[in-house]
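Visitor: My questions all concern the structure below.
The numbers here are math on the coordinates, done by the rules we state, and not lab data. Note that the structure is predicted; figures quoted are calculated from it, not measured. FYI the Cβ positions are ideal-geometry reconstructions off the backbone, even for glycines, and counts take in every protein chain you see.
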Amino acid sequence: MNETPLKAQAQRFLSALRHCQVLQMRVDAADEKGMTLVMPYSPRIVGNPQNGAIHGGAITTLMDTTCGMAILCGLGAFEVCPTLDLRIDYLHSSIADHDVYGYAECFRVTRDVIFIRGSAYQDDPARPIAQAVGTYMRLGKDIKGGLGFSQRLKGSAQ
Amino acid sequence: MIPLDVLAQLREAHGQGNYEPLLALIPYAGLIGIECTREGDDLLFRLPANQDNIGNPLLPAIHGGVIAGFMELSAALYLLIFSESAAIPKIIDFSIDYLRAGLYRDTYARCQLWRQGRRVTNVSITAWQADPAQPIATARAHFKIKELPAP
């Protein structure tokens, strides 16, 4: 995958999120349409020791992060938007030793709220292990953790 | 099916109110650092403040996904102990409403089993930090269970 400015900006943002670093998440692809992150398989995120399946919490974290970062694709600029709600449907069990990809895209952007949907898959995007739908709140410019953060990210790009 | 040794461990954990050996079986539980204590007939879950769980470095705040994972895991453990399922409860879907930022401090959760059918249960989870009356998130989940064979 080529390094685009969008992808580089997304990777910088992701590397500032401690828990995402603990899960070793990386940006796989980012374009105007949507965001794809990858979370490597690790024994530390297992929820079922009998079959090595990943815990839903790690998948939810991947999808919350991917959906939140898809805002960069939808708006063309970063706005840190807190999650209002998030729903995950677990469609298949995850398989041990296979990395998980999260894909998300904005499907409606309003002045206050952004609607995002996505899915998580391992080997085949057409066979998702989970689907996610979330609503994210847009913050004003002066809110802590809001636009100031994206300005700082832009600054570190130069 | 729940292996017999796990079942024995489960009963012992609940009997003694010491859930550590049970949590030690689940790697993700150790990753986020969930704890569980018995309060009479109820369970109280705690997620101690941990730098590794931070998702917003500026506030700083716990990653929303960790809060969700903590609540989902709380619900699963709650069902493991109270639903008397013959198999380990399997998550079907999970829906969370974030009400306030989860700040960098200890987080607590309590579960309520609203409906237990033969194959599916509905459980709701509430998470809070300083004040139980001011939850940081509410969630509900469906789990697939397996009815114990009639005695």
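Visitor: With r defined as the distance between the Cβ atoms of A:A8 and B:K144 and R0 fixed at 41 Å, what FRET efficiency is calculated, to the nearest 0.05?
Guide: After rounding, the FRET efficiency stands at 0.45.
Visitor: I'd like the FRET efficiency for B:A24 and B:D106, computed as 1/(1 + (r/R0)^6) with the beta carbon distance as r and R0 of 22 Å, rounded to 0.05.
Guide: Between B:A24 and B:D106 the formula returns 0.60.
Visitor: Angle, helix B:4-16 long axis vs. longest principal axis of chain B, Cα atoms, 0 to 90°, nearest 10?
Guide: 60 degrees
Visitor: Which order results if B:Y78, A:Y41 are arranged by neighbouring Cβ count within 10 Å, fewest first?
Guide: Ascending number of Cβ neighbours within 10 Å: A:Y41, B:Y78.
Visitor: Within a 10 angstrom radius of each residue's Cβ in A:77-90, how many Cβ atoms of other chains show up on average? Whole number is fine.
Guide: 5
Visitor: How high is the relative contact order of chain B, in percent, with contacts defined as C-alpha pairs under 8 Å that are six or more residues apart?
Guide: 21 percent
Visitor: Right, next: Percentage of Cα-Cα pair distances in the stretch B:4-144 greater than 28 Å, rounded to whole percent?
Guide: Above the 28 Å cut-off, the stretch B:4-144 has 15 percent of its Cα pairs.
Visitor: Through the Karplus equation 6.51 cos²θ - 1.76 cosθ + 1.60, θ set to phi - 60°, convert the phi angles of the stretch B:62-70 into ³J(HN,Hα) values in whole Hz; use x for Gly and Pro.
Guide: 5, 4, x, x, 5, 4, 5, x, 4
Visitor: Using a 7 Å offset from the Cα along the Cα-to-Cβ direction at both B:A8 and A:R127, what is the distance between the two label points in nm, to one decimal?
Guide: For B:A8 paired with A:R127, the spin-label model returns 3.8 nm.
Visitor: Let me ask you something else. Taking the beta-carbon count within 10 Å as an exposure proxy, list A:F13, B:F143 from fewest neighbours to most.
Guide: Exposure proxy ranking, most exposed first: A:F13, B:F143.
Visitor: Expressed as a rounded percentage, what relative contact order does the stretch A:5-157 have, with Cα pairs under 8 Å and six or more residues apart?
Guide: 22 percent
Visitor: Under the definition of partner shielding as Cβ atoms of other protein chains within 10 Å of a residue Cβ, what is the mean value for peptide B:69-82?
Guide: Shielding by partners across B:69-82 averages 2.
Visitor: Determine, for B:L58, B:L31, A:L139, B:L43, the number of other Cβ atoms within 10 Å of each Cβ, and report the residues in order from fewest to most.
Guide: Fewest-to-most ranking of B:L58, B:L31, A:L139, B:L43: B:L58, A:L139, B:L43, B:L31.
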